[in-house]
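*Asks:* Here it is: the structure, laid out below.
The values are calculated or read from the model by the stated rules, or taken from the named source; none is laboratory data. Note that the structure is predicted; figures quoted are calculated from it, not measured. Here the Cβ is made from the backbone with ideal geometry for all residues, glycine too, and neighbour counts use every protein chain on show. Only protein heavy atoms, including side chains, enter the accessible area calculation; ligands, DNA and RNA are left aside. Shrake-Rupley method; radii C 1.70, N 1.55, O 1.52, S 1.80 Å.
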Amino acid sequence: KIVSESGIAAGVRRIEALTGNGVLEYYKKQEALLHEAAKALKTNPSEMLEKITHLQGEVKALASENESLKSKLAQGALGDVMNQVEVKGVKLLAAKVEGVDMNGLRDLGDQLKEKLGEGVVVLAAVNEGKVNLLAMATDSAQKAGAHAGNLIKAVAAIVGGGGGGRPNMAQAGGKNPEKAGEAIEAVAGILEGQIH
């Protein structure tokens, strides 16, 4: 019984095989493994392939549903954009959201920036015991002195993290989710120090 073959050099292949009782022992182990896998799948060996195909379909459907729910969660987190404040004439929208991952946070940031028109958006998302931070600054906000990278660096320090980025967009992480609210409250003061 050939159990493996591979190329080890140009024009040279290695073949490993079993003979005699070694073959019987090999198939005995393979059969035990097959039954163990069938037991884990809660089916019998003859129906394993069908069960795996069914489970793959379920995983795909659940992943799709999960993405849809995350999108709805991000949409719900938009809230009332009119709750924005102005810092020395620059519009600021800073918010804390729950259960949104970094990809969802970026999508949410893009949506908020679009609704805001011109200004600065800072988001803190508490997710699985950590904090993801995102800052975005439009062209006019940057001209006034806003710098997303420097802003996020200062905000991240409050939640026990670090990060940075470009003047227009930056992200960071932190390990103290209990301070996410405090970090968001500090954004206006930090931004004020940046504006001319």
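*Asks:* What pairs come out if I take residues in segment 14-39 that are of a type in the set (Ser, Thr, Tyr) and pair them with residues that are open to solvent by less than 80 Å² (accessible area, probe 1.4 Å) whose C-beta lies under 8 Å away, six or more apart or interchain?
*Replies:* Sorted first by the residue in segment 14-39, then by its partner, the pairs are Tyr26/Val3; Tyr26/Leu18.
*Asks:* If we scan segment 123-137, do we find a residue that is over 15 Å from Leu105 (Cα atoms) and of a type in the set (Asp, Glu)?
*Replies:* No, the conditions are met nowhere in segment 123-137.
*Asks:* Condition first: of a type outside the set (A, V, I, L, M) and open to solvent by less than 40 Å² (accessible area, probe 1.4 Å). Now tell me which residues in segment 133-154 satisfy that.
*Replies:* Thr138, Gly145, Gly149
*Asks:* Can you tell me which condition Gly99 does not meet? The list is (1) surrounded by 14 or more Cβ atoms within 10 Å (Cβ to Cβ); (2) in contact with a strand residue (DSSP E or B) (Cβ under 7 Å, 6 or more places away or on another chain); (3) under 18 Å from Val187 (Cβ atoms), and all the others hold.
*Replies:* Going through (1) surrounded by 14 or more Cβ atoms within 10 Å (Cβ to Cβ); (2) in contact with a strand residue (DSSP E or B) (Cβ under 7 Å, 6 or more places away or on another chain); (3) under 18 Å from Val187 (Cβ atoms) one by one, Gly99 breaks only (3).
*Asks:* With the condition kept exactly as written, say whether any residue in segment 173-182 is in contact (Cβ under 8 Å) with a residue 12 or more places away in the chain, in contact with a helix residue (DSSP H, G or I) (Cβ under 8 Å, 6 or more places away or on another chain) and farther than 21 Å from Val126 by Cβ.
*Replies:* No.
*Asks:* Has segment 56-69 got any residue that is free of Cβ contacts under 8 Å to residues at least 60 places away in the same chain and either touching a His at 6+ places or on another chain (Cβ under 6 Å) or surrounded by 13 or more Cβ atoms within 10 Å (Cβ to Cβ) (or both)? Let's see the steps before the verdict.
*Replies:* The initial filter retains those residues of segment 56-69 that are free of Cβ contacts under 8 Å to residues at least 60 places away in the same chain, namely 56-69.
Within this subset, residues satisfying the condition of being either touching a His at 6+ places or on another chain (Cβ under 6 Å) or surrounded by 13 or more Cβ atoms within 10 Å (Cβ to Cβ) (or both) are none.
No, there is no match, as no residue in segment 56-69 is free of Cβ contacts under 8 Å to residues at least 60 places away in the same chain and either touching a His at 6+ places or on another chain (Cβ under 6 Å) or surrounded by 13 or more Cβ atoms within 10 Å (Cβ to Cβ) (or both).
*Asks:* Could you tell me which of the residues Ser4, Ser46 is among the small types (Gly, Ala, Ser), more than 30 Å from Val126 (Cβ to Cβ), loosely packed, with under 11 Cβ neighbours inside 10 Å and touching an Asp or Glu at 6+ places or on another chain (Cβ under 6 Å)?
*Replies:* Details: Ser46 fails: touching an Asp or Glu at 6+ places or on another chain (Cβ under 6 Å).
Going through Ser4, Ser46 in turn, just one is among the small types (Gly, Ala, Ser), more than 30 Å from Val126 (Cβ to Cβ), loosely packed, with under 11 Cβ neighbours inside 10 Å and touching an Asp or Glu at 6+ places or on another chain (Cβ under 6 Å): Ser4.
*Asks:* Which residues, taken from segment 177-196, are open to solvent by 60 Å² or more (accessible area, probe 1.4 Å) and of a type outside the set (Gly, Ala, Ser)?
*Replies:* The answer is Glu178, Lys179, Glu182, Glu185, Glu192, His196.
*Asks:* Turning to a different aspect of this structure: Given the residues Gly129, Gly163, Gly119, Gly174, which is the only one that is at positive phi and open to solvent by less than 30 Å² (accessible area, probe 1.4 Å)? Working first, answer last.
*Replies:* Working: Gly129 fails: open to solvent by less than 30 Å² (accessible area, probe 1.4 Å); Gly163 fails: open to solvent by less than 30 Å² (accessible area, probe 1.4 Å); Gly174 fails: at positive phi.
The match here is Gly119.
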